[in-house]
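K.L.:
Mind looking over this structure? Questions follow.
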Amino acid sequence: MIFIIKYYIAFLLSFFSKNKSNNFILMYHKIPPLNNNIDIFSVSLKSFTKQILFLKGHFNLVDLNEIDLKHNSFSVTFDDGYDDLYYYIFPFIKKYKIKIIIFLNLNNLDKNGYLTFCHLKEMLDSGFVELGCHGNTHLTLKNLDKKMLKQEIDFPKNYLENLFGIKIFFLSFPNGRYDVSSIEHCKDLGFKKIFNSKLKTFDIIDEIFIFPRICVYRYDNIKILYNKVVGKFDFLNINPND
């Protein structure tokens, strides 16, 4: 409820705020073919493709490795690993040569409704998809002891690296929550960048290790999304899990 209130306050105030020229990272979850899902994290395929092509025409679309290197840029990420990424998003990104990253929750792999090993292998081999870590069981990484951090971060990272013969350099925090211990643990494991769920843009002149991401919701039209990516929602520092 707090999030909904903040969201609509930000939407109203956004009409009176100035645009920023910061970079931004989009966070998506489910992309069903039709907009008939009541889940706010489900964005229809039609809306998704319209959003990406619109933003691609106004900003530099780069992969996550380059998001802090070039001004006026954005990247596209997905959390959890739903199988609609393979059936609907994969053909789209191949057609338009768009690179994305999937933050996979290991516990979802090969489960009904989620990506399988074969799906991911084909997507990774295409060169348009990179794999990131999103924990083992989607447990919030805040206030965990060292043993639990290893189970929720080290285990899925090592497992996926060995399974696909890759290196994983990025992690997104499940539920967007973290603390000093989880941040230091990620640094010790050699992650290049880690990501929370704060709805903000960022300036690449700053030294950043923890990056915000702008979550896209089923009711975000082009106007709302544009206001979000030009920084008009930044001041409220919204986390969708609030």
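K.L.:
In the stretch 134-220, which GluC sites (Glu not before Pro) are in a loop and have at most 12 other Cβ atoms within 10 Å, using DSSP for the loop call?
P.N.:
Glu207
K.L.:
If packing is taken as the mean number of other Cβ atoms within 10 Å per residue, what is the order of 19-28, 86-95, highest first?
P.N.:
Descending mean neighbour count gives 19-28, 86-95.
K.L.:
Going toward the positive end of the dipole of the chain, with +1 on Lys and Arg Cβ and -1 on Asp and Glu Cβ, which of Val180, Cys215, Phe195 do you reach last?
P.N.:
Cys215
K.L.:
Considering only DSSP beta bridges where both residues belong to the chain, give the percentage that are antiparallel (nearest 5).
P.N.:
5
K.L.:
What does the charge add up to near Ile214, with Lys and Arg as +1, Asp and Glu as -1, over the other residues with Cβ less than 13 Å from its Cβ? Don't skip to the answer; put the middle values down first.
P.N.:
Working: positive: Lys20, Lys198, Lys200, Arg213, Lys228, Lys232; negative: Asp79, Asp220, Asp234.
Net local charge, Ile214 excluded: +3.
K.L.:
Leaving ligands, DNA and RNA out of it, report the carbon-plus-sulfur percent of the accessible area of the stretch 1-125 at a 1.4 Å probe.
P.N.:
58
K.L.:
May I ask you to derive the relative contact order of the stretch 55-201, considering only C-alpha pairs under 8 Å and at least 6 residues apart, and to give it as an integer percent? Working shown, then result.
P.N.:
Details: 228 pairs, mean separation 26.9, N = 147.
Value for the stretch 55-201: 18 percent.
K.L.:
Could you tell me how far the Cα centroid of the stretch 62-83 sits from the Cα centroid of the stretch 170-242, in Å?
P.N.:
11
K.L.:
So, one more: With every protein chain kept in place and ligands, DNA and RNA left out, what is the accessible area per residue of the chain? Probe 1.4 Å, answer in Å².
P.N.:
Working: 11140 Å² over 242 residues.
Averaged over the residues of the chain, the accessible area is 46 Å².
K.L.:
Along its principal axes, what span do the Cα atoms of the chain show, with the longest given first and each in whole Å?
P.N.:
Principal-axis extents of the Cα atoms in the chain, largest first: 49, 39, 36 Å.
K.L.:
Indicate the helices, whole DSSP H runs only, in the chain that combine a mean Kyte-Doolittle hydropathy of 1.6 or more with a Cα extent along their long axis of 30 angstrom or more.
P.N.:
Answer set is empty.
K.L.:
How much net charge surrounds Tyr226 when only the other residues with a Cβ under 10 Å from the Cβ of Tyr226 are counted, with Lys and Arg +1 and Asp and Glu -1?
P.N.:
+2
K.L.:
Then there's this: Mind scanning Lys147/Lys187; Lys121/Lys167; Lys200/Lys223; Lys30/Lys167 and naming the pairs with a C-alpha gap bigger than 22 Å? Don't skip to the end; give the middle numbers.
P.N.:
Working: Lys147/Lys187 16 Å; Lys121/Lys167 14 Å; Lys200/Lys223 16 Å; Lys30/Lys167 25 Å.
Pairs exceeding the cut-off: Lys30/Lys167.
K.L.:
Calculate the dipole size of the chain relative to its Cα centre from +1 charges on Lys and Arg beta carbons and -1 charges on Asp and Glu beta carbons; express the result in debye to the nearest 20.
P.N.:
Computed about the Cα centre, the dipole is about 700 debye.
K.L.:
For the chain, with a Gaussian network of springs between Cα atoms less than 10 Å apart, report the residue from Phe169, Phe16, Phe202 with the top mean-square fluctuation.
P.N.:
For the chain, modelled as a Gaussian network with Cα springs under 10 Å, the answer is Phe16.
K.L.:
Of the heavy-atom accessible surface of the stretch 134-242 (probe 1.4 angstrom), what whole percent is carbon and sulfur?
P.N.:
49
The values are calculated or read from the model by the stated rules, or taken from the named source; none is laboratory data. Bear in mind the structure is a predicted one, so any value in this text is a computation, not a measurement. Cβ atoms come from the backbone with ideal geometry, glycine included; neighbour counts cover every protein chain shown. Surface areas here come from the heavy atoms of the whole protein model, side chains and all, with no ligands, DNA or RNA. Shrake-Rupley method; radii C 1.70, N 1.55, O 1.52, S 1.80 Å.
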